[in-house]
Amino acid sequence: MTRSSSQHGAVLIVALILLVLITLIGVSTASLINSNTKVLANFEGRAAVKSAAISALQQAIARGTLVSSDVVFANPCTTSRTTCIDANGDGALVAGQDILVTISDIKCISAAIISNDELDVFSSLEDQSCYQPPQAANPGNNDSLCAEATWDVAATAVDPITGASSTVRQGLSTRTQANLISTACNSSGS
């Protein structure tokens, strides 16, 4: 009978060891799941701010005042170059609760004056406004009043709740007034 009672004690010790092992496996699995959830939330937060930056940049380009005005957005959030993107879906644009996107000052990469010969003044109103008749003082000058310019602009988005941030850069080619590009590009137009 002593042999039987000693076997019951061994079963209890083995059962306790197995219980401890199962508990350790459960705790490590829960910790791993928690870590994976945080990583996934970080990826999601970064994707949301990148999407907000792209959206704000597209809004600014579509509005058409990115090159010619300091007021980039129709409804700026905190400054004339900042907008709020409603990330939480509440319908309200609040600076401390929504993603803030700031558009940088644009930088001229290159510019070239458009020649009068390149304009279609008979069918394009935009080209008609660019045409400059030859001047008596300089009859060989065939430059129009417009230029093609390539710009670099960046949008930086920050989510104040998660702390996620992302910067998106965009190249932009526009037709603009020749006198604007001569100062913005620090060149004579070429």
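The values are calculated or read from the model by the stated rules, or taken from the named source; none is laboratory data. These figures come from a predicted structure and were not determined experimentally. Counting neighbours? That spans all protein chains shown, and the Cβs are built from the backbone with ideal geometry, glycine included.
Looking only at the stretch 115-163, count every residue that is over 30 Å from Asn42 (Cβ atoms) and touching a residue at least 24 places away in the same chain (Cβ under 8 Å) and tell me the total. If you could, list the steps in order and put the result at the bottom.
Pass one, the stretch 115-163, residues over 30 Å from Asn42 (Cβ atoms): 115-151.
Narrowing the set further to residues that are touching a residue at least 24 places away in the same chain (Cβ under 8 Å) leaves 115-119, 126, 130, 142-151.
Matching residues across the stretch 115-163 total 17.
Could you tell me which residue of the stretch 111-136 is modelled with the lowest pLDDT, considering only residues that are among the aliphatic types (A, V, I, L, M) and exposed (fewer than 15 other Cβ atoms within 10 Å of the Cβ)?
Per the stated criteria, the residue is Ala136.
Test Leu32 against the stated conditions and say whether it is modelled with pLDDT of 90 or more and aliphatic (A, V, I, L, M). Break it down stepwise before answering.
Values: modelled with pLDDT of 90 or more: yes; aliphatic (A, V, I, L, M): yes.
Considered against the rule, which asks whether it is modelled with pLDDT of 90 or more and aliphatic (A, V, I, L, M), Leu32 comes out as yes.
For (1) more than 21 Å from Thr167 (Cα to Cα); (2) among the basic types (Lys, Arg); (3) free of Cβ contacts under 8 Å to residues at least 60 places away in the same chain, each residue gets a yes or a no:
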position: Gly26; (1), (2), (3): yes, no, yes
position: Ser35; (1), (2), (3): yes, no, yes
position: Leu40; (1), (2), (3): no, no, yes
position: Ala48; (1), (2), (3): no, no, no
position: Ala56; (1), (2), (3): no, no, no
position: Leu100; (1), (2), (3): no, no, no
position: Ile113; (1), (2), (3): yes, no, no
Study note, to complete from the structure: Reported set for the stretch 168-187 where residues are modelled with pLDDT of 90 or more and loosely packed, with under 15 Cβ neighbours inside 10 Å is Arg169
Review point. Mind checking which residues of the stretch 55-86 are at pLDDT below 75 and crowded, with 19+ Cβ neighbours inside 10 Å?
Key: Val67
